[in-house]
Amino acid sequence: MENHYSSILISSKEFTKMKQTVIAFIGIWIIGLLSGPTVLAQGSAELCYQPEEIGKRVVSHIVKQRVKWRYQRVCAYYGACKLSESIDDPGILQQMEALYTPFLEGKKSPHSGHVDYNVFGIWPFEMYRQTGNEQYLKQARELADNEFMNPHEDGLSEYTRFWVDDMYMVGSLQVQAYKSTLNKVYLDRAALTLKVYCDSLQKENGLFYHREDVPFYWGRGNGWAAAALTEVLMVLPEDHENYQSLLDSYKKMMASLKSFQGADGMWHQLLDNPDSFPETSCTGMFLFAMASGMNKDLLPESEYKTTVVNAWNALASFVNNKGQTRNVCIGTNAKNSEWHYLKRLRKTGDFHGQAAVLWASSAMAELIKP
């Protein structure tokens with residue numbers, strides 16, 4: 001059966017026919033406009049960029065970079081693995097496996113003892129899920145178990161900080177452990193963590209503070225929350241005790257994000273401050289969350305299709321020919337100062353943005369599959 005979302009990606013034949021019609025009725029001036037980089041008007045319900053092409057472009061960049069082993073690098077490699085599966089390109093997965101070789105050979109070892117360290121496990125978990133290589137599973141599982149070696153009385157990890165970032169760092173690792181082992185303990189950990197964080201950090205408008213004592217709706221912080229809720233809801237059974245609560249939090253957040261999307265399709269560094277700069281990492285994360293939700297029928301197409309298409313067209317335009325994503329906020333600690341967020345540097349090719357674009361590319365590729 002044809003996927004009804006596949007119609008949002010126009011074929012070159014249809015586009016040629018459209019240009020011919022424009023020539024006949026409007027004239028050469030419009031043709032010049034349409035031949036530029038922004039092929040279609042922002043309000044159009046069509047994609048201007050192929051998710052596969054954008055994703056591959058970003059992969060070509062990240063495999064050549066040698067940056068520190070931080071969570072953003074791992075999140076990008078995880079995104080590349082997901083893209084490999086989404087577009088059925090095993091060569092990308094093979095590249096990610098090659099990058100992991102030093103860890104299999106014992107030449108490198110992942111750090112543990114902090115949420116930003118342990119999230120490393122999402123990468124080998126995903127490679128195990130796709131290949132069945134038990135070596136990946138062993139190292140990844142050690143990180144997932146380490147996170148709950150000495151849990152608090154409330155069941156949360158000893159590494160709990162109540163920074164919104166933790167929702168992804170803990171939630172994604174535990175849910176990947178569940179997907180690889182089918183051990184419900186991991187899924188329960190992820191769901192509980194997100195439930196408690198939503199109760200603590202999500203506000204009436206559906207958005208999240210960076211930290212309870214830092215009352216700002218930082219874009220990427222909310223992106224971590226959106227991505228974590230999405231990853232868990234994709235596999236959480238409807239009869240799970242925390243399912244309805246997490247679904248309500250997710251839907252509330254998605255509805256709020258729609259209202260804060262800029263006219264250009266982007267979301268901003270501070271979500272409720274349209275004068276702050278358009279930021280690509282949070283836009284990619286929100287796009288991943290919405291496209292995945294549409295694909296799983298958690299979000300209605302009638303309400304989110306235009307939002308998703310506009311976001312994709314905008315985000316993809318920030319990826320240059322070298323596969324580098326522009327306008328990426330650098331790593332940001334929580335601080336009770338609006339200026340702290342507004343003055344953050346923007347980089348090109350930063351792995352926070354590369355990861356988010358890969359997540360979004362994968363979700364969009366899934367969404368438009370025939």
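Please treat every number below as a calculation from the coordinates, not as lab data. Since we're looking at a predicted model, the values are computed, not measured. Reconstructed Cβ throughout: ideal geometry from the backbone, glycine too, with neighbour counts over all protein chains shown.
Quick one: Cα centre-to-centre distance for the range 182-215 and the range 263-342, in angstrom?
20
Relative contact order, percent, of the chain when contacts are C-alpha pairs under 8 Å separated by at least 6 residues?
22
Go through Leu201, Asn333, Ser259 and say which Cα lies farthest out towards the positive end of the charge dipole of the chain; charges sit on Cβ, +1 for Lys and Arg, -1 for Asp and Glu.
Working it through, the farthest residue towards the positive pole turns out to be Asn333.
What does the C-alpha gyration tensor say about the overall shape of the range 39-177? Classify as rounded when a/c is under 1.5, otherwise prolate if a/b is larger than b/c, or oblate.
Verdict is oblate for the range 39-177.
I'd like to know which of Val357, Leu345, His268 lies farthest towards the positive end of the charge dipole of the chain, counting +1 on Cβ of Lys and Arg and -1 on Cβ of Asp and Glu.
With unit charges placed on the Cβ atoms, the residue in question is Leu345.
Between Gly55, Gly349, Gly331, which gets the highest mean-square fluctuation from a Gaussian network model of the chain, Cα cutoff 10 Å?
Gly331
What does the C-alpha gyration tensor say about the overall shape of the range 148-189? Classify as rounded when a/c is under 1.5, otherwise prolate if a/b is larger than b/c, or oblate.
In terms of gyration-tensor shape, oblate.
Please build a GNM for the chain, connecting alpha carbons under 10 Å apart, and tell me which residue among Phe288, Phe162, Phe103 fluctuates the most.
Answer for the Gaussian network model of the chain: Phe103.
A 30 angstrom limit on the alpha carbon distance is what I want to check against. Which of Lys68/Lys343; Lys138/Lys251; Lys203/Lys335; Lys195/Lys305; Lys107/Lys343 exceed it?
Among Lys68/Lys343; Lys138/Lys251; Lys203/Lys335; Lys195/Lys305; Lys107/Lys343, the Cα-Cα distance tops 30 Å for Lys138/Lys251; Lys107/Lys343.
Quick check: Cα centre of the range 137-166 to Cα centre of the range 41-104, how many Å?
About 26 Å separates the Cα centre of the range 137-166 from the one of the range 41-104.
Can you bin the range 50-367 into rounded, prolate or oblate? Criterion: square roots of the alpha carbon gyration tensor eigenvalues sorted a ≥ b ≥ c, rounded for a/c under 1.5, prolate for a/b above b/c, oblate for the rest.
rounded
Please work out how much length the chain gains when fully extended from Val63 to Asp199, using 0.36 nm per residue of separation minus the C-alpha to C-alpha distance, in nm with one decimal.
45.1 nm
Could you pull out every whole DSSP H run in the chain that spans at least 15 Å of Cα extent along its own axis and averages -1.0 or higher on the Kyte-Doolittle scale?
Within the chain the helices that satisfy the rule are 12-25, 51-62, 71-86, 90-104, 166-181, 184-201, 219-233, 243-260, 280-295, 301-316, 351-367.
Would you work out the charge dipole size for the chain about its Cα centre, treating the Cβ of every Lys and Arg as +1 and the Cβ of every Asp and Glu as -1, and quote it to the nearest 20 debye? Mind dumping the intermediate values first?
On the way: 37 positive and 41 negative charges, 296 e Å.
Charge dipole, the chain, about its Cα centre: 1420 debye, nearest 20.
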